[in-house]
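> The structure is given below, and queries will be raised subsequently.
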Amino acid sequence: MRVLYVDDEEPNRRVMASMLKKAGIEMAQAADADTGLWMVADQHFDLVLMDIRMPGKDGFSAIGEIRAHRDAKKDVPIIVVTADDAYDIRLRARAVGANDILIKPVSKEQLLQAIGRLIPNWGGPKAA
């Protein structure tokens, strides 16, 4: 399984990469929404993890652009990963097309459960 994580904070990307690697999941990363959008258009990902608050284009806009694709890429599952637990953020994320929302700090268990809900046949974490 290949996952793209879009987050402007390098420490967040490092922690997520560690959690996913331990579960046997390959992670690509982007430090901004524009790079993430380019990667989604150019490569195959089974799932996108998207931060909301980033300099420049925010995650809401990026999710909207992914959902506007005219090919199968528009259907890639997207999980918002944000530190903002406000109800309106959750509503807006769902409105633009996010499939799920995780609030930072995210535990490995929360992450894997969310992935399992969206991609039930991924096979679960690999034995270490």
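> To the nearest 20 debye, what charge dipole does the chain have about its Cα centre, counting +1 at the Cβ of each Lys and Arg and -1 at the Cβ of each Asp and Glu?
Working: 18 positive and 19 negative charges, 86 e Å.
Here the size comes out at about 420 debye.
> Kindly provide the helix-only [θ] at 222 nm of the chain, computed as the sum of -39,500 (n - 2.57) over DSSP H runs of four or more divided by all residues, to the nearest 500 deg cm²/dmol? Could you put the intermediate results ahead of the total?
Values: 5 runs with 53 residues, N = 128.
The helix-only estimate for the chain comes to -12500 deg cm²/dmol at 222 nm.
> Also, quick follow-up: Quick check: residue separation of residue 110 and residue 122 times 0.36 nm, minus the Cα distance between them. What number comes out in nm? Each step should come with its number before you reach the end.
On the way: separation 12, 0.36 × 12 = 4.32 nm, distance 1.58 nm.
In short, 2.7 nm is gained.
> Something else: From the phi of every residue in region 54-61, what ³J(HN,Hα) in whole Hz does the Karplus formula 6.51 cos²θ - 1.76 cosθ + 1.60 yield, where θ is phi - 60° and glycine or proline is x?
9, x, x, 5, 8, x, 4, 5
> Once both labels are modelled 7 Å past Cα along the beta-carbon direction, what's the residue 14-residue 26 spacing in nm?
In this crude spin-label approximation the distance works out to 2.4 nm.
> How high is the relative contact order of the chain, in percent, counting Cα pairs under 8 Å that sit 6 or more residues apart? Could the numbers behind the result be given before it?
Numbers: 203 pairs, mean separation 30.0, N = 128.
Normalised by residue count, the contact order of the chain is 23 percent.
> At 0.36 nm per residue, minus the direct Cα-Cα distance, what do residue 71 and residue 91 gain on full extension? Give it in nm, one decimal, please. Before the final figure, lay out each step's value.
On the way: separation 20, 0.36 × 20 = 7.20 nm, distance 2.55 nm.
Once the chain is fully extended between residue 71 and residue 91, it gains 4.6 nm.
> Please grab the % of Cα pairs in the chain that end up more than 24 Å from each other. Can you show the working numbers first?
On the way: 1539 of 8128 pairs.
Result: 19 percent of Cα pairs exceed 24 Å.
> Sticking with this one: At a 10 Å Cβ-Cβ cut-off, how would you order 87, 5, fewest neighbours first?
Details: 87 7, 5 23.
Ranked by crowding around the Cβ, least crowded first: 87, 5.
Rule-based calculations on the coordinates, nothing more; no lab input. What you are looking at is a predicted structure, and each value in this text was computed from that prediction instead of being measured. Because the Cβ atoms are built from the backbone with ideal geometry, glycine has one as well, and the counts that use them run over all protein chains shown.
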